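The structure appears below as structure tokens.
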Amino acid sequence: MPTANTSKSIESLRARFAGKIREPKEYRGEWTVEIDKTEIAAAATLLKSEGFHYLVDLSGVDNFGEEPRFEVVYEFGSMENDQYLRLKVRASLDDPTVPTVSGVYQTADWHEREAFDMYGIKFSGHPDLRRILMWDGYPYHPLRKDFPLEGKPSELPDGPFTRPAPIVGGPFTTTSACHTAEREPRANPPELD
């Protein structure tokens, strides 16, 4: 059973977004509400007015093989009331666009840029939507599940990681070496024939 504040907020979301919200789900005392992506900024505004002043996190999820393929997960917290609530929206591969919540929570700015950079999820209305980890012009989104573990070759001359990394013994193993730099797979590329 959600706490009184969380329960009140869930009921507020149900009343305001009837027909655009799914049944809330509980897992280990945490509540998740899935809402139509067009309503996420309004839902964030409503939660902020009810004491959820802290956007703990915003992250992308790639549900490869499903449609809609992408999820954006918002973790809201209220330090005053010791409450926590998760909202989720879905976006398809054909239209991976979700409205920004950076106008409601400033911290969403960088989180949305990361989701854009790593998954290709676009945030309409974002004030500065550009890559935050990969370089400008990089054509891929590395956290998508169809992105190969060894990477892809890039056209960046003399840049780091321009060739796929060799994966000796599988993607989660490295050869033992004395120095960390020697364990990096790209430091010891295989001989080219």
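Using the structure shown, decide if Asp109 is modelled with pLDDT of 95 or more, closer than 28 Å to Ser9 by Cα and either under 11 Å from the mean Cα position of the chain (by Cα) or charged (D, E, K, R) (or both).
Yes: the conditions hold for Asp109.
Within the group Glu39, Glu26, Glu71, which residue is in a helix (DSSP H, G or I) and acidic (Asp, Glu)? So that I can check it myself, show each step before the final result.
Values: Glu26 fails: in a helix (DSSP H, G or I); Glu71 fails: in a helix (DSSP H, G or I).
Criteria check complete, one pass: Glu39.
Output the residue which, of all residues in the range 70-91 that are within 14 Å of the chain's Cα centre (by Cα) and without any contact (Cβ under 8 Å) to a residue 40 or more places away in the chain, is farthest from Ala42 (Cα to Cα).
Glu71
Is the range 6-20 home to any residue that is closer than 16 Å to Ser124 by Cα, among the β-branched types (Val, Ile, Thr) and crowded, with 20+ Cβ neighbours inside 10 Å? Before you say what the answer is, go through the steps one by one.
Keep residues of the range 6-20 that are closer than 16 Å to Ser124 by Cα, which gives none.
No, the range 6-20 contains no residue that is closer than 16 Å to Ser124 by Cα, among the β-branched types (Val, Ile, Thr) and crowded, with 20+ Cβ neighbours inside 10 Å.
The values are calculated or read from the model by the stated rules, or taken from the named source; none is laboratory data. None of these values were measured; they are calculated from a predicted model. Reconstructed Cβ throughout: ideal geometry from the backbone, glycine too, with neighbour counts over all protein chains shown.
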